[in-house]
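Engineer: Sharing a structure, written as structure tokens. Questions coming.
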Amino acid sequence: PKNVHEALDHPRWRQAMIVEMQALEHSGTWELVPLPPGKQPVGCRWVYAIKVGPDGTVDRLKTRLVLVTKGYTQIYGLDYGDTFSPVAKIPTVRLFLTMAAIRHWPLRHELLSIFVSFFNEIKNQFGKTIKIFRSDNAKEYFSFELSSFLSSHGVLHQSTCP
């Protein structure tokens, strides 16, 4: 569909949207609160995808509700704080995985707990409890948790590979 109106007219797309909304509500992704004076709500829009099976037939219709932050409408310190996007170089990732294998680190369980914490609520810098998944600060939070895990296992931060 080209827009939400077309999707709502189609029963399968409508059902896919309902499933996505139920999943977001079930995970506690948001809570309806009064909009503070002088604040603008963050917009959102639907993204639609057709999942095709191995035989080429339509397997299912998938929707996702995404935030549309429109950074040009936001004021730093009022609407958002610092954002962060860590990038690891491939050789560093390979070295880490090699060290993990040699030292028999319990990566599956430990890293899984970090990924799970990525979806849990945290307090943001404005004192509000938020779901971190899909937010601007998600990368910073995830990077902090992963760095803490690595440090606790003797892996030190290198300035050459943030």
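Engineer: Among the residues of the stretch 1-27, which ones are part of a loop (DSSP other than H, G, I, E, B) and of a type in the set (Gly, Ala, Ser)?
Structural biologist: Within the stretch 1-27, the subset part of a loop (DSSP other than H, G, I, E, B) is 1-3, 10, 27.
Within the stretch 1-27, Ser27 is the sole residue that qualifies.
Engineer: Further, regarding this structure: Looking only at residues in the stretch 39-67 that are of a type in the set (Gly, Ala, Ser) and at negative phi, which one is modelled with the highest pLDDT? Step through it out loud before you land on a result.
Structural biologist: Residues of the stretch 39-67 of a type in the set (Gly, Ala, Ser): 43, 49, 53, 56.
Checking which are at negative phi leaves us with 43, 49, 53.
Working: Gly43: 79, Ala49: 92, Gly53: 86.
Only one residue tops the list, namely Ala49.
Engineer: Hey, any hits in the stretch 57-71 for a residue that's of a type in the set (S, T, N, Q) and over 20 Å from the mean Cα position of the chain (by Cα)? Spell out how you get there, then give the answer.
Structural biologist: Looking only at the stretch 57-71, we keep the residues that are of a type in the set (S, T, N, Q), and these are 57, 63, 69.
From what is left, the residues that are over 20 Å from the mean Cα position of the chain (by Cα) are 57.
Within the stretch 57-71, one or more residues are of a type in the set (S, T, N, Q) and over 20 Å from the mean Cα position of the chain (by Cα).
Engineer: Given (1) on the phi < 0 side of the Ramachandran plot; (2) at pLDDT 85 or above, where does Leu35 come up short, assuming only one miss?
Structural biologist: Here Leu35 clears every test but (2).
Engineer: Please verify whether Lys70 is modelled with pLDDT of 75 or more and more than 25 Å from Phe144 (Cα to Cα), treating the condition exactly as stated. Walk me through it before giving the result.
Structural biologist: Values: modelled with pLDDT of 75 or more: no; more than 25 Å from Phe144 (Cα to Cα): yes.
So Lys70 fails the test.
Engineer: When only residues in the stretch 51-68 that are surrounded by 11 or more Cβ atoms within 10 Å (Cβ to Cβ) and touching a Gly at 6+ places or on another chain (Cβ under 8 Å) count, which is farthest from Ala16 (Cα to Cα)? If you could, list the steps in order and put the result at the bottom.
Structural biologist: Within the stretch 51-68, the subset surrounded by 11 or more Cβ atoms within 10 Å (Cβ to Cβ) is 52, 59-67.
Imposing the further condition that a residue be touching a Gly at 6+ places or on another chain (Cβ under 8 Å) reduces the set to 59, 67.
Values: Asp59: 12, Leu67: 18 Å.
Per the criteria, the residue is Leu67.
Engineer: Among the numbered conditions (1) part of a loop (DSSP other than H, G, I, E, B); (2) surrounded by 11 or more Cβ atoms within 10 Å (Cβ to Cβ), tell me where Tyr48 comes up short.
Structural biologist: Exception for Tyr48: condition (1).
Engineer: Within the stretch 14-26, track down each residue that is at pLDDT below 85 and in contact with a strand residue (DSSP E or B) (Cβ under 7 Å, 6 or more places away or on another chain).
Structural biologist: Leu24
Engineer: Any idea which of (1) within 18 Å of Pro1 (Cβ to Cβ); (2) in contact (Cβ under 8 Å) with a residue 24 or more places away in the chain; (3) in contact with an Asp or Glu (Cβ under 8 Å, 6 or more places away or on another chain) is the one Met21 doesn't satisfy?
Structural biologist: Of everything listed in (1) within 18 Å of Pro1 (Cβ to Cβ); (2) in contact (Cβ under 8 Å) with a residue 24 or more places away in the chain; (3) in contact with an Asp or Glu (Cβ under 8 Å, 6 or more places away or on another chain), Met21 misses just condition (3).
Engineer: Out of all the residues in the stretch 21-42, is one or more more than 30 Å from Leu78 (Cα to Cα) and surrounded by 13 or more Cβ atoms within 10 Å (Cβ to Cβ)?
Structural biologist: no
The values are calculated or read from the model by the stated rules, or taken from the named source; none is laboratory data. Remember, predicted model here, so these are calculated numbers, not experimental data. Glycine also receives a Cβ, built like all others from the backbone with ideal geometry; neighbour counts cover every protein chain displayed.
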